Amino acid sequence: MKGKGIITGLIPLIILIGVLGFVLKNGAGVEKDPAAPIEVLNIERIKVTNTGFELSVSNTGPTPLTISQVMVNDSVWNYSVSPQATLERFEEGKINIAYPWVEGDPHTIKLITENGIITEGALAATTLTPETNRSNFLNYGLIGFYVGIVPITLGLLWYPFMKRFSRKWINSILALTVGLLLFLFVGTLADGFEIGAEAPSVFQGNMIVIIGASLTFLLLIGFDQYQQRKQEKKGYSPFGMALLMATGIGLHNFGEGLAIGSSFSLGEAALGTFLIIGFTLHNITEGIGIAAPLLKTTPRLKDFLLLGGIAGAPAILGTWVGAFIFSPIWGALFLGIGAGAIIQVIYVITKMLIDDHRTHREPSVSWLNLSGFTIGLLIMYFTAFFVKF
Amino acid sequence: MSEENKVSRRDILKMGTAGAFGVAGTYYFNKMAQFPTVAKAANGSSHKTSHHSNHSNMIDKTKTTGYKMAERLLTEFDYGKVTKLPNGQTLREYEVVAIDKEIEIAKGIKFPGWTYNGTIPGPTFRCTEGDLLRFHFINKGSHPHSIHFHGIHPPEMDGLTSIFPGQKFTYEFEAKPYGLQIYHCHVLPLARHIHKGLYGNFIIDPKKPREPAFELNMVMNGFDLDLDGANEFYTVNGYAFAFMNHPIKIKKDQLVRIYLSNLTEFDLLNSFHLHANYFTYYPTGRNDNPSQFTDTIMQCQGERGIIEVRFPYAGTYMFHAHVSEFAELGWMGFFEVE
Ligand SMILES: [Cu+2]
């Protein structure tokens, strides 16, 4: 009986393998050769050096390809490829082009394969790529510090002021936090899709964002429920909630750091400077958000430092990654995780708000709460003007 | 000046938008940072440090298949199979086959071309004014094609009728007027059929022969690899930088005659510029047309003419399209005068 059960399970599997084998061996029967050669060459990074450009490329197409010509700004140019001009599937290569580039000018680099497939890489405003040395490392770290830790800590400084509020007002500040977070969630998701679109299509950047976001959301919820059951507590501890927020915001700030670091390394220093200013202003409000759940307790200074660090320090990390090892696919993954973490915090706070108002027999969408939520959204909307172009 | 403006405008914007905190922050960043908004240019230093010298960006001394084709077309003229008709007229018969063929148009770059007799441009047909010409055309390609000759002939021989794959057709007409003609496919869509490579030069010599000279055939053309309506490579005789890496050898004071035509698609004009010398240009290859003594001429699509030149000094003379973009994308070469 048991053996029979296994066999009935195996039969479809065996047939499936047979069918796949047949198709692999004989083709789909429609067409044997593609109409045009399918070659996919990806330019992963263009490093600008004193003598020219250094491109990291990879072959993500189904067949090997050969790089045969290189053009810079509509001029055929000398180049060298290592390890060799022919790249196997998923093989990576480096292209060196000695070119007298002009500071601040746009440069377009075309790679042409043997079959005439053209891959284009562009530098919007060319400038030396920062070298990975200690002083640069420190400088970028400082930027991250200013964008992440400083404003969030400044936001947390409103805590004593907010502490005087009554329960209803505290709830409206929590609603305001939901507004802030909703804005951050949409923004983070959109940034993730934007960066993901730059990744080689074989990796499906958009799906990476979705996978990152949904798995993070579910994992965090699951982890929470597990902990709650274990400790048999009702609701969240305020500090635990603040910690949760700080984590979500931290991942979001990693994305901000990524944007700043990569804009500098792509030669858009003016944009980078605007981003620094914009994100800094923007992030003060994140500090308010993190402080909000703590209003019901008496936190210590140490707790604030910890929260500020968790929410702000990832910006430093992001700036480094963006400047020195930027890769669209990792950017997409991190931003997806950030979005997932943020939506989880929104879920938790909203649930808490509803529960709290229910126990006091009040409507949860009160005028005060609605105003708080709206103000939260609007604050984010207007401070985001500094970082959108 | 413009750069100064840009910077100050940006600075003002920054101050206006960011407020005191932002200003303090920027000030600090600028002071310590390695990322200046106005940066030191790479120009000076990189020119000194980089190892490449002027006009050496496409060095390739190997004799590739593509180069050999361009070199062969430079001096090869197809006079056809010659017989005498009963009335004493010379009959020339040519075999022309349309073939789909991959052509190397720059080192390592394959172009899926449509060709006459397997080359881009096609063979240079040559005859004398008054000869009876028979072009036996066989279409072995994958699309309908034709041959449209420039010159004076009965309209039914004009190549407007498509000859389908596997079919044959014989174009028959008397060679006139003398000069440099061209021929190309005239099947719709026209731009695609011509750009794919179906064109060439067609020389009708005058009855009174021209002065003996070292004769060269040059067809200016371009290749659009990604079918976006703009060419990636510009060449003479179909191969980028062919005569730059292998200069055309010429003797001092020798008369050089170049049959030059423009069959570039997607660009309105192409041009020919000679360095350190002047030439006489005969539009359409006619001695009775007003000629020019110059170092630069331009031709629109389908235009052609004869260049006659002597080199008084030994040395290397560059020639190229005077549209710098075309030159840097392959239409550039050298004469080496000994
Ligand atoms: Cu045709």
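The values are calculated or read from the model by the stated rules, or taken from the named source; none is laboratory data. Given the structure is predicted, the values throughout are model-derived calculations rather than measurements. Here the Cβ positions follow ideal geometry from the backbone for every residue, glycine too, while neighbour counts run over all protein chains shown.
Of the set (1) more than 25 Å from B:Thr62 (Cα to Cα); (2) part of a strand (DSSP E or B); (3) touching a residue at least 40 places away in the same chain (Cβ under 8 Å), all apply to B:Thr316 but (1).
Among the residues of the stretch B:108-117, are any more than 16 Å from the ligand (Cβ to nearest atom), away from chain A (no Cβ under 14 Å) and not in a loop (DSSP other than H, G, I, E, B)? Checking the stretch B:108-117: not a single residue is more than 16 Å from the ligand (Cβ to nearest atom), away from chain A (no Cβ under 14 Å) and not in a loop (DSSP other than H, G, I, E, B). Here B:Phe293 clears all of (1) at negative phi; (2) in contact (Cβ under 8 Å) with a residue 24 or more places away in the chain except the condition numbered (2).
I'd like the full set of residues that are in contact (Cβ under 8 Å) with a residue 24 or more places away in the chain and more than 25 Å from A:Gly222 (Cβ to Cβ), limited to the stretch A:319-357.
If the condition is that a residue be in contact (Cβ under 8 Å) with a residue 24 or more places away in the chain and more than 25 Å from A:Gly222 (Cβ to Cβ), then A:Thr319, A:Trp320, A:Val321, A:Gly322, A:Ala323, A:Phe324, A:Phe326, A:Ser327, A:Pro328, A:Ile329, A:Gly331, A:His357 are the ones that fit.
With respect to being of a type in the set (Ser, Thr, Tyr) and touching a Leu at 6+ places or on another chain (Cβ under 8 Å), A:Thr188 fits the description. When the residues of the stretch B:138-163 are filtered to those that are among the hydrophobic types (A, V, I, L, M, F, W, C) and more than 11 Å from the ligand (Cβ to nearest atom), the one that is nearest to B:Asn287 (Cα to Cα) is B:Ile152.
If I ask for residues that are in a strand (DSSP E or B) and either loosely packed, with under 14 Cβ neighbours inside 10 Å or free of Cβ contacts under 8 Å to residues at least 12 places away in the same chain (or both), which ones from the stretch B:65-107 would you list? Residues satisfying the conditions are B:Lys81, B:Val82, B:Thr83, B:Lys84, B:Glu102.
When B:Leu225, B:Leu190, B:Leu268 are screened for being within 16 Å of the ligand (Cβ to nearest atom) and either farther than 30 Å from B:Glu338 by Cα or aromatic (Phe, Trp, Tyr) (or both), only B:Leu190 passes.
Taking the stretch A:66-149 and the strands (runs of 3 or more DSSP E) fully enclosed by it, the elements with 2 or more residues that are within 9 Å of chain B (Cβ to nearest Cβ) are at A:107-113. Residues in the stretch B:57-107 that are within 16 Å of the ligand (Cβ to nearest atom) and more than 14 Å from chain A (Cβ to nearest Cβ): B:Val96, B:Val97, B:Ala98, B:Ile99, B:Lys101. Scoring B:Val219 on the criteria (1) crowded, with 22+ Cβ neighbours inside 10 Å; (2) within 16 Å of the ligand (Cβ to nearest atom) leaves a single failure, condition (2). Output yes when any residue across the stretch B:135-152 is in contact with a Lys or Arg (Cβ under 6 Å, 6 or more places away or on another chain) and at pLDDT below 95, and no when none is. For the stretch B:135-152, residues in contact with a Lys or Arg (Cβ under 6 Å, 6 or more places away or on another chain) and at pLDDT below 95: absent. Based on what the data block shows, is B:Ala230 surrounded by 18 or more Cβ atoms within 10 Å (Cβ to Cβ) and at pLDDT below 95? No.
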